[in-house]
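Asker: My questions will all concern the structure given below.
The values are calculated or read from the model by the stated rules, or taken from the named source; none is laboratory data. On a predicted model such as this, the values are computed, not experimentally measured, just so you know. We place every Cβ from the backbone using ideal geometry, glycine too, and count neighbours over all the protein chains shown.
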């Protein structure tokens with residue numbers, strides 16, 4: 001989905017930037033080698049960035065839990 005039509009910035013671009021370490025809107029734009037032009041996209045970029053960071057944090061925690069479970073030899077199937 002397009003978040004910024006001026007720069008062709010998509011939700012996938014935001015997720016890729018977060019995967020590469022972006023934590024602020026300007027880092028998302030820098031990853032795409034662009035900047036906010038008209039500014040209408042900034043709230044959407046901020047919203048998507050926050051969600052992507054939450055998703056990344058949840059995934060990291062889930063993977064950590066799986067690792068701890070397998071270390072104890074109690075790995076169970078996840079439904």
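Asker: Output the number of the condition that residue 22 fails; it satisfies all remaining conditions of (1) over 15 Å from residue 4 (Cα atoms); (2) free of Cβ contacts under 8 Å to residues at least 24 places away in the same chain.
Answerer: Residue 22 satisfies all of (1) over 15 Å from residue 4 (Cα atoms); (2) free of Cβ contacts under 8 Å to residues at least 24 places away in the same chain except (2).
Asker: Out of all the residues in region 13-25, which are exposed (fewer than 12 other Cβ atoms within 10 Å of the Cβ) and in a helix (DSSP H, G or I)?
Answerer: Correct list: 19 only.
Asker: For region 71-78, check the following and say yes or no: at least one residue is modelled with pLDDT under 95, touching a strand residue (DSSP E or B) at 6+ places or on another chain (Cβ under 7 Å), outside any helix (DSSP H, G or I) and exposed (fewer than 10 other Cβ atoms within 10 Å of the Cβ).
Answerer: no
Asker: Can you pull out every residue in region 31-53 that is in a helix (DSSP H, G or I) and either touching a strand residue (DSSP E or B) at 6+ places or on another chain (Cβ under 9 Å) or within 18 Å of residue 12 (Cβ to Cβ) (or both)?
Answerer: Result: 31, 42, 44, 45, 46, 47, 48, 49, 50, 51, 52, 53.
Asker: Given the conditions (1) surrounded by 10 or more Cβ atoms within 10 Å (Cβ to Cβ); (2) at pLDDT below 90, which single one is not true for residue 43?
Answerer: Condition not satisfied by residue 43: (2).
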